[in-house]
1. For a footprinting-style exposure proxy, rank 67, 41, 25, 33 by other Cβ within 10 Å, fewest first.
2. For residue 97 and residue 34, what does the FRET efficiency come to when R0 = 30 Å and r is the distance between their Cβ atoms, rounded to the nearest 0.05?
3. Before rounding to the nearest 500, sum -39500 (n - 2.57) across all DSSP H runs of length at least 4 in the chain and divide by the residue total; then give [θ] at 222 nm in deg cm²/dmol.
4. Taking a ≥ b ≥ c as the square roots of the eigenvalues of the Cα gyration tensor of the range 57-132, is the shape rounded (a/c under 1.5), prolate (a/b larger than b/c) or oblate?
5. Quick one: if you stick a label point 7 Å off each Cα along the C-beta vector at residue 54 and residue 131, how many nm between them?
6. For residue 121 and residue 74 in one chain, what is 0.36 nm times their gap in residues minus the Cα-Cα distance, to one decimal in nm?
7. Once you keep just the Cα pairs under 8 angstrom separated by 6 or more residues, what percentage relative contact order results for the range 2-130?
8. Among 104-110, 76-82, what's the highest-first ranking by average C-beta atoms within 10 angstrom per residue?
């Protein structure tokens, strides 16, 4: 069962379709709240930047799933935990398997080095929460 949540991430739910992990709910609620605040300021540059970001991940020569996987690797190498959580959610929504996810983690760690390991731990935790 898919549940669309206000952040734009769909989460496949496990046994209880009405219970979302608190970790996921907290991230999505905060993200949505602050996005609303930032966008309410009506800054044209910010709106254009966010529009460009959204359009970058649309279907093109690369499919959405591949683009999300690339975004996740980049986010891990840059050590952006919020970005990692966002791309994990989108990857989950797009059907990335756990085996694929751990290959993504491996690429990020090879490219980024051992400094990425703590972010991989948090990413693995969040990935597990998405599968509850």
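Readers should treat all values here as calculations from the given coordinates under stated rules, not as data from a laboratory. All values reported here derive from a predicted model rather than from experimental measurement. Neighbour counts are summed over all protein chains in view; Cβ atoms, including those assigned to glycine, are modelled from backbone coordinates with ideal geometry.
1. Details: 67 19, 41 8, 25 15, 33 12.
Ordered by Cβ neighbours within 10 Å, fewest first: 41, 33, 25, 67.
2. Numbers: r = 31 Å, r/R0 = 1.03.
With R0 = 30 Å, the Cβ-Cβ based efficiency is 0.45.
3. It comes out at -22000 deg cm²/dmol, rounded to the nearest 500.
4. Working: a/c = 1.74, a/b = 1.25, b/c = 1.40.
It is oblate, given that a/c is not under 1.5 and a/b is not larger than b/c.
5. Each label point is offset 7 Å from its Cα along the Cβ direction, giving 3.2 nm.
6. Between residue 121 and residue 74, full extension yields an extra 15.3 nm.
7. Details: 106 pairs, mean separation 37.6, N = 129.
Worked out over the range 2-130, it gives 29 percent.
8. Numbers: 104-110: 17.7, 76-82: 16.0.
Descending packing order for the listed peptides: 104-110, 76-82.
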